[in-house]
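All remarks here apply to the structure that follows.
Coordinate-derived values only; no laboratory data. Keep in mind it's a predicted model, so treat the numbers as computed, not measured. Please note: Cβ atoms are built from the backbone with ideal geometry, for glycine as well, and neighbour counts cover all protein chains shown.
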Amino acid sequence: MIAPTALFALDTLLTDEEREIRTTVRKVCDREIRPHVAGWFESGELPARELARALGEVGVLGMHLEGYGCAGLGAVAYGLACLELEAADSGLRSLVSVQGSLAMYTIWKYGSEEQKQEWLPAMAAGERIGCFGLTEPDFGSDPGGMRTTAKREGGDWVLNGTKMWITNGSVADVAVVWARTDEGIRGFLVPAGTPGFTANDLKHKVSLRASVTSELVLDGVRLPDAAMLPGARGLSGPLGCLNEARFGIVFGAMGAALDCLETAIAYAGDREVFARPLSSYQLTQEKLADMALELGKGLLLAVHLGRLKEAGTITPEQVSAGKLNNVREALEIARTCRTVLGASGITLEYPVIRHAVNLESVLTYEGTSEIHTLVLGKALTGIGAFH
Ligand SMILES: Cc1cc2nc3c(=O)[nH]c(=O)nc-3n(C[C@H](O)[C@H](O)[C@H](O)COP(=O)(O)OP(=O)(O)OC[C@H]3O[C@@H](n4cnc5c(N)ncnc54)[C@H](O)[C@@H]3O)c2cc1C
């Protein structure tokens, strides 16, 4: 028997350092996350602060950024960390993606030196948590329509509006909030506790339950001029950050798929049906072989895109292709693994159904599968079909 990842000799494409980082993150997940995550999912509660500190200690938060307490590691190393985290639960990878690739990256890329010094070292250590508020109740796929405004009043800015579906919202110490101004869309850093700013958790989720998802309300939030991100102008600011987080999902989704496939292979070996192991039937082997193929192809694509990112040549269309393919295939793998487990596949005793319902969110956030399809359609035809 060989492991699904061994089929394509994935490890031969990785450096010693990358393999070590993967092992380190896997150990943290085995210790801090895996024993508890089904319970967090069931109760819909996450000890986000403790987890952020544990992940900060091993240097995972903002690990691909340079300076300010960040490790400055390569894209593949970061991707492998996302893979290990999402093999535990997509909610945990979401916490890390939003912290590192959305909130920290935004400050790192567009912030003033004072903003970077104030927030980045503490966020890298997991002592402070960030969130990223772009989506609104009426504007998800089309964030350019946003209604949140920031108006000048003397030397200050006053923000009004509502952001929706914001990961880490109510546990964040700082919210990156995108708002419409007279000079176009601009980004602002809103510290938790600022008068007029509230974060309310969204209840009744059946997906990503081990993740905090909130509504942000900005009701006359007054901020000094220094709260604005000087380097981001227009919608390209937030969209550039989303591209960073999407890259992590290309790897992460394959982590969830790998955990499902390993679970299904083990289950099919143990489970006897009609007096023989389930894994000895051709129908089962076809499922397992097809899933191993899609997993292997997805992992190879992820590493390839990681190398392009490290070379500085990756394009947004390539990230869209990776996100679209790998989340779609991961979801298909999770659903098929669910069938292999029969009735056991619907309980939280096994991780499969949890991964499957989590991946429904991953299919939607960071650009829905339809939007990424349209991105590729435009790239292939030269004709945008968004409107
Ligand atoms: C668990 C979770 C966490 C999230 N975290 C964050 C976060 O931290 N920060 C943040 O800002 N946002 C976050 N989001 C929001 C997420 O990015 C949006 O849900 C996503 O962009 C889709 O927006 P929407 O839900 O409003 O769907 P809509 O935009 O209303 O889309 C509805 C459907 O219409 C389709 N559609 C849209 N436009 C077209 C078109 N032109 N042609 C064909 N079909 C189209 C979509 O693909 C989708 O199938 C999160 C969402 C979830 C579920």
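Legend note: in the chain, cysteines whose Cβ sits 4.7 Å or more from every other cysteine Cβ are Cys29, Cys70, Cys82, Cys131, Cys241.
Note on Tyr281 and Asp219: their simple-model spin labels are 5.8 nm apart, each label 7 Å out from Cα toward Cβ.
Each label was represented as a point 7 Å from its Cα along the Cα-to-Cβ direction; for Glu50 and Thr15 these points are 3.5 nm apart. Hey, with R₀ at 22 Å, roughly what FRET efficiency would Leu239 and Arg152 work out to, going by the Cβ-Cβ distance, to 0.05? The computed FRET efficiency comes out at 0.35.
Other residues whose C-beta falls under 13 angstrom from the C-beta of Pro316 contribute a net charge of +1, scoring Lys and Arg +1 and Asp and Glu -1. If you take all other residues with their beta carbon under 11 Å from the beta carbon of Phe386, and give Lys and Arg +1 and Asp and Glu -1, the sum is -1. For the pair the range 333-364 / the range 169-231, the C-alpha centres are spaced 32 Å from each other.
A cut-off under 10 angstrom between Cβ atoms defines the neighbours of Lys151, and their net charge, with Lys, Arg +1 and Asp, Glu -1, is -1. Of the peptides 292-301, 166-175, 201-210, 249-258, the order by per-residue mean of other Cβ atoms within 10 Å, starting with the highest, comes out as 249-258, 166-175, 292-301, 201-210. Anything over 31 Å Cα to Cα? Flag those among Lys109/Lys151; Lys287/Lys323; Lys27/Lys378; Lys116/Lys163; Lys27/Lys297, in the order listed. Beyond 31 Å: Lys27/Lys378. Ordering of 233-240, 333-340 by packing is 333-340, 233-240, highest average first (other Cβ atoms within 10 Å, averaged per residue).
Extension gain, Glu370 to Ser344: 0.36 nm times the residue separation minus the Cα-Cα distance gives 6.2 nm.
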